[in-house]
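Everything on this sheet refers to the single structure shown next.
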Amino acid sequence: MREANSDNHVRTRDNISRIVMLAEALFEQSLVLSSRPHVSSIGSLPAPNDVVESLPVKVYYNNSDKKVREDDAKCYICLIDYEGGDNLRVMPCHHEFHLTCVDKWLKEVHRVCPLCRGDVCKPER
């Protein structure tokens, strides 16, 4: 029994040593990576205010005569259904979102459509 405990103790100590070595290697690698210049993707750049403000706005009307797909009657940023009178910003790709939701999205962090990743700063082709 004493031999088994001794073997377990040795294995545990070896495992701890490996974990410490791995942690040190990861820390060294994180220092190398953090010293490199930051490269961000196009999606993480905010859009200029003038570009966002130039995108068209429309008012949502809940027209019960017109069959609207349930998917099309929801803001995919806040996930809340549109209600009559809501202001929607229309993206160049024709996706629509609540004005306040998409303006915050575009002006603060992302310059791309939340659904299709189309860049709002590139002219339509």
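Any read-out appearing in this document is the output of simple, stated calculations on the displayed coordinates, not a laboratory observation. If you're wondering where the values come from, they're calculated on a predicted model, not measured in any experiment. In this analysis, Cβ positions are derived from the backbone assuming ideal geometry, glycine residues included, and neighbour counts consider all displayed protein chains.
Here Tyr61 and Lys104 are evaluated by their C-beta separation; at R0 = 22 Å the FRET efficiency comes out at 0.40.
Residues whose amide H lies under 5 Å from that of Val109, counting only those 5 or more places away or on a different chain, are Ala47; hydrogens are built 1.01 Å from N in the peptide plane.
Spin-label model, Ile19/Leu45: points 7 Å from Cα along the beta carbon direction are separated by 4.4 nm. By the beta-carbon count within 10 Å of each Cβ, the least crowded to most crowded order of Val90, Val10, fewest first, is Val10, Val90. In order along the stretch 80-93, the phi-based Karplus estimate (6.51 cos²θ - 1.76 cosθ + 1.60, θ = phi - 60°) of 3J(HN,Hα) comes to 9, 5, 5, 10, x, x, 5, 8, 10, 8, 9, 7, x, 7 Hz; Gly and Pro are listed as x.
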